[in-house]
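Participant: Input: one structure, supplied below.
The values are calculated or read from the model by the stated rules, or taken from the named source; none is laboratory data. Predicted model, so just to flag it, every value in this text is computed and none were measured. Glycine also receives a Cβ, built like all others from the backbone with ideal geometry; neighbour counts cover every protein chain displayed. Accessible surface areas use protein heavy atoms only, side chains included; no ligands, DNA or RNA. Shrake-Rupley method; radii C 1.70, N 1.55, O 1.52, S 1.80 Å.
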Amino acid sequence: MINGVIFNTKELLDYMNLMQVNSELQYEIVEGIKKNTMALRLTSHVLQLIDWKNILIDPIRKQFLPLLSEYSLPHPSLEVDSLSEISSQVSPGIIHRYPKKILFLLTSFCPMYCSFCTRSYLVGPSTETLSKINLNKSLADKINALINYLKSNSDINDVVISGGDIASVETGIIDRLLANLATIKSLKTVRLATRTLLFDPKIFLPNTSFFDIITQYSDKFKQRNIELSIQCHFNHPIEISEESQQAALSLWKSGVIIRNQTVLLDGINSTIDLQKKLIKKLVASGIQPYYVYQMDMVANAEHFRTNLATCINISKNLTGVFPGFQLPRFIVDLPGGGGKRSVYEYEFYDQKYGIYGFKSPLISGGKIYYYCDPLRYLEPNIQKEWTEKKTISNLYSLN
Ligand code: SF4
């Protein structure tokens, strides 16, 4: 263990012995890790947030240490790169899907790895189950490529810097990136994506290099009419510790906008009550509840996915409870690269097979993108049919 961070199964087993986790659960966790597409890494802050006495139901444990018995029957349409990001890259790490927006994958590392990560094809070290792709470019080369691309595409006014987690990158690199972005005249918004307000919030407290750089550039960007914001990621109210709250409020009081993106996760935050509590705690921490994502159809994490009806039902029951500006938008990011749509915007719903059809006019005119409910929500005979026929075209040609 270095600085209290767990990096491997041996260190985790030692820690679980210390926490008196029973041997049956230890076995379940170790075998679950072998199936995981995301690497093992646990910060000391998160280790202390997990309730090891109630580890079976702990919502934080579930996101990073799935039990072997929690994995469920995979849907045949799951993909490692479910949003087809690789094919939308105009250069390694530069994804240009929407006309005015760039998603920039600065790093492929995070302080911890979420087992449901949409970008499992890239993020973190390879695991027994999945070899990750390598963008094969240095950070400096990627930044140069981004700046050159922005200079020659003056329609782009919005850049999301993600990965990976920006908190995995030295502040000197962030400084260089932001200084370069400040010279791009067409930019209106720059967003920094991080889940480290959960993983290790102390690095965002006042008088730290991250706090200083974010607050300084927030001011500098404002003078150039650019909005610099943080996109954070809290899924459950207990993730917002006192330290997380203190860090977020300090940034907010310094004028930094922080918006939260939640992923809806079955049995973790998939109730109306938990989403209400999360919104209240976010608002009390100076964080705007921005998106709740229906989980993507990503391979090897199927037990985390709810059906779309669960997401829609939560959304309906929150409308009117909070002022509109505190209400997150409930979103499905369309498999195959159709982009984000409101969960209500589907063109059709086939309840029997659990298939929703969406269009994304801005990206691809009349093309239909399909989002499918997990098999466990369907009748056993329909599950069997899906397993045998595998594709939507095969299923529909049966009728
Ligand atoms: S923090 Fe974000 S990028 Fe990193 S593993 Fe989690 S979901 Fe993926």
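Participant: Assuming R0 = 30 Å, can you tell me the calculated FRET efficiency for the pair Ser364 and Leu68, based on Cβ-Cβ distance, to the nearest 0.05?
Facilitator: On the way: r = 39 Å, r/R0 = 1.31.
With a Förster radius of 30 Å, E is 0.15.
Participant: Just from its helices, what would the mean residue ellipticity at 222 nm be for the chain, if runs of 4 or more DSSP H residues each count -39500 (n - 2.57) and the sum is divided by every residue, rounded to the nearest 500 deg cm²/dmol?
Facilitator: Working: 14 runs with 134 residues, N = 399.
For the chain, the value works out to -9500 deg cm²/dmol.
Participant: Same structure again: With charges set only on the Cβ (+1 for Lys and Arg, -1 for Asp and Glu), what does the dipole of the chain come to about its Cα centre, in debye to the nearest 20?
Facilitator: Result for the chain is approximately 1200 debye, rounded to the nearest 20.
Participant: Multiply the residue gap between Val283 and Asn134 by 0.36 nm, knock off their C-alpha separation, and tell me the result in nm, one decimal place.
Facilitator: 49.9 nm
Participant: Ignoring ligands, DNA and RNA, how do Cys117, Cys311 rank by accessible area with a 1.4 Å probe, largest first?
Facilitator: Correct descending sequence by accessible area is Cys117, Cys311.
Participant: For segment 177-325, what does the accessible surface come to per residue with a 1.4 Å probe? Please give it in Å².
Facilitator: I get 37 Å² per residue for this part.
Participant: So how much slack lies between Gln351 and Lys53, counting 0.36 nm per residue of separation and subtracting their Cα-Cα distance, in nm?
Facilitator: Difference between extended and current length: 103.3 nm.
Participant: Calculate log10 I(q)/I(0) of the chain for q = 0.08, 0.14 Å⁻¹, where I(q) comes from the Debye formula with a single equal point scatterer on each Cα and nothing for solvent.
Facilitator: With one equal scatterer per Cα and no solvent, log10 I(q)/I(0) is -0.42, -1.40.
Participant: What figure in square angstrom, to the nearest 10, would you give for the accessible area of Ile213 with a 1.4 Å probe?
Facilitator: 20 Å²
Participant: Relative contact order for the chain: what percent, with Cα pairs under 8 Å and sequence separation of 6 or more?
Facilitator: Answer for the chain is 15 percent.
Participant: Same structure, new question: Note down the magnitude of the dipole of segment 1-142 about its Cα centre, charges +1 on Lys and Arg C-beta and -1 on Asp and Glu C-beta and zero elsewhere, to the nearest 20 debye.
Facilitator: Charge dipole, segment 1-142, about its Cα centre: 620 debye, nearest 20.
Participant: Positive end of the charge dipole of the chain (Lys, Arg +1 and Asp, Glu -1 on Cβ, about the Cα centre): tell me which of Ser126, His303, Gln351 has its Cα farthest that way.
Facilitator: The residue sitting farthest along the positive end of the dipole is Gln351.
Participant: At a Cα cut-off below 17 Å, give the lysines reachable from Lys352, other chains included and same-chain residues fewer than 8 away excluded.
Facilitator: Lys384, Lys389, Lys390
Participant: For Asp373, what charge total do you get from the other residues with a beta carbon under 12 Å from its beta carbon, if Lys and Arg give +1 and Asp and Glu give -1?
Facilitator: -1
Participant: Determine ³J(HN,Hα), in whole Hz, for all residues of segment 346-357 in sequence, where each value follows from phi through the Karplus function 6.51 cos²θ - 1.76 cosθ + 1.60 and θ = phi - 60°; x replaces Gly and Pro.
Facilitator: My calculation for segment 346-357 gives 6, 7, 8, 9, 9, 5, 4, 9, x, 10, 10, x Hz in order.
Participant: Go through segment 253-268 residue by residue and turn each phi into a ³J(HN,Hα) via Karplus (6.51, -1.76, 1.60, θ = phi - 60°); whole Hz please, and just put x for glycine and proline.
Facilitator: Each residue of segment 253-268 in turn: 5, 8, x, 8, 7, 10, 10, 9, 10, 10, 9, 6, 10, 4, x, 10 Hz.
Participant: Keeping all protein chains in place and using 1.4 angstrom, which order do Ile257, Ile355 fall into by accessible surface area, from largest down?
Facilitator: Ile257, Ile355
Participant: Would you mind telling me which residue in Gln288, Gln20, Gln246 has the biggest mean-square fluctuation in a Gaussian network model of the chain, where springs connect alpha carbons within a distance under 10 angstrom?
Facilitator: Gln20
Participant: I've got another one for you. Antiparallel versus total DSSP beta bridges in segment 86-341: what percent is that, nearest 5?
Facilitator: DSSP beta bridges in segment 86-341 are roughly 20 percent antiparallel.
Participant: OK, next. Per residue, how much accessible surface does segment 1-107 expose to a 1.4 Å probe? Answer in Å², no decimals.
Facilitator: 45 Å²
Participant: Further question on the same structure: Cross-link partners among aspartates and glutamates for Lys132, C-alpha distance below 15 Å, same-chain residues fewer than 8 apart left out?
Facilitator: Reachable aspartates and glutamates: Glu79, Asp81, Glu85.
Participant: What list of ³J(HN,Hα) couplings, whole Hz, do you get for segment 305-313 from phi and the Karplus terms 6.51, -1.76, 1.60, once you set θ to phi - 60° and write x for glycine and proline?
Facilitator: Taking θ as phi minus 60°, the curve returns 7, 8, 7, 5, 4, 4, 5, 5, 5 Hz for segment 305-313.
Participant: Something else now. Can you tell me the length gained on complete extension of the stretch Asn313 to Gln26, counting 0.36 nm per residue apart and subtracting the Cα distance?
Facilitator: 99.8 nm
Participant: Moving to a separate point now. Just the ratio, please: alpha-carbon radius of gyration of segment 125-273 over 2.2 N^0.38 Å, N its number of residues.
Facilitator: 1.13
Participant: Return the carbon/sulfur percentage of the accessible area of the chain, one whole number, probe 1.4 Å, all protein chains in place.
Facilitator: That share works out to 51 percent.
Participant: Which lysines, on any chain, are close to Lys276 with Cα under 28 Å apart, when same-chain ones fewer than 8 places away are left out?
Facilitator: The qualifying lysines are Lys53, Lys62, Lys202, Lys253, Lys316, Lys340.
Participant: Let me check I've understood the local charge: for Ser120, count other residues with C-beta under 13 angstrom from its C-beta, Lys and Arg +1, Asp and Glu -1. What total comes out?
Facilitator: Once positives and negatives cancel, what remains is -2.
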